[in-house]
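Working notes, beginning with the structure itself.
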Amino acid sequence: MAATARRELTPRDCVLYVLTQMACAAVGVWLAHAMFAAPVWEVSHKLRDGSGQWLGEFVATFGLMATIAGAARFASASIPLLVGLYITAAYWFTASTSFANPAVTIARCLTDTFAGIAPASAPMFVLAQVAGAVMSYFVSRWLFGGVQNQQPALPSAGSQKLCRRGAESNSEKRRNAG
């Protein structure tokens, strides 16, 4: 949704992306259950309620979105690594264990393991995630500028010289071969 707000994704593609993410998250839960010989279909009974849980989810989502925005602005190639590191850290520093995504929340409703969340607890998690994402969008625009990808990652000057030398030697090879 943040990519759609930045006009990097069409509303139609946003809807398809969200639906695909939710479907794949559910399939991932079912595959995990099958791998561990657990019942494939189950619903969580683990209540995750209270202001601490919701604040934790707001913080987890705000931080995740800010991490992505900052990386997109300064080092876009590092986004996957930074997302993984942030989610791992947020698991430990938030009371909610950092779902930080409505698709993850829905998927975790489909497991009665320690990672699950009862469907009755999910709406407030999703609301906290949306609030965290919206707040992060505006703070990131203020902090990093209106356009998130203003400076694409460019090769260093040294690697640009190597690329030019490689292109020149390839041109010479083609001339000599012809």
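Details
- Test: ARG73 is over 19 Å from PHE138 (Cβ atoms), touching a helix residue (DSSP H, G or I) at 6+ places or on another chain (Cβ under 9 Å), surrounded by 15 or more Cβ atoms within 10 Å (Cβ to Cβ) and charged (D, E, K, R): no
- Subset of the range 103-127 [touching a helix residue (DSSP H, G or I) at 6+ places or on another chain (Cβ under 9 Å) and assigned to a loop (DSSP other than H, G, I, E, B)]: LEU110, THR111, THR113, ALA115, GLY116, ILE117, ALA118, PRO119, SER121
- Between VAL27, VAL43, VAL15, the distinction of being in a helix (DSSP H, G or I), within 23 Å of THR97 (Cα to Cα) and not aromatic (Phe, Trp, Tyr) belongs to VAL27 only.
- Candidate set: the range 20-64, residues that are surrounded by 13 or more Cβ atoms within 10 Å (Cβ to Cβ), over 13 Å from ILE106 (Cβ atoms) and β-branched (Val, Ile, Thr); chosen: the one farthest from the chain's Cα centre (by Cα): VAL59
- Selection of first residues in the range 61-78 that are closer than 18 Å to THR94 by Cα and of second residues that are exposed (fewer than 15 other Cβ atoms within 10 Å of the Cβ), restricted to Cβ pairs under 7 Å at least 6 apart or on distinct chains, gives the following pairs, ordered by first then second residue: ALA66/VAL139.
- Residue within the range 80-93 that is within 16 Å of the chain's Cα centre (by Cα) and either buried (at least 21 other Cβ atoms within 10 Å of the Cβ) or among the basic types (Lys, Arg) (or both) present: yes
Since every read-out is calculated from the coordinates, none of them should be taken as a lab result. Predicted model only: the values in this text are computed from it and were never measured. Heads up, the Cβs are rebuilt from the backbone with ideal geometry, glycines too, and the neighbour counts pull from every protein chain shown.
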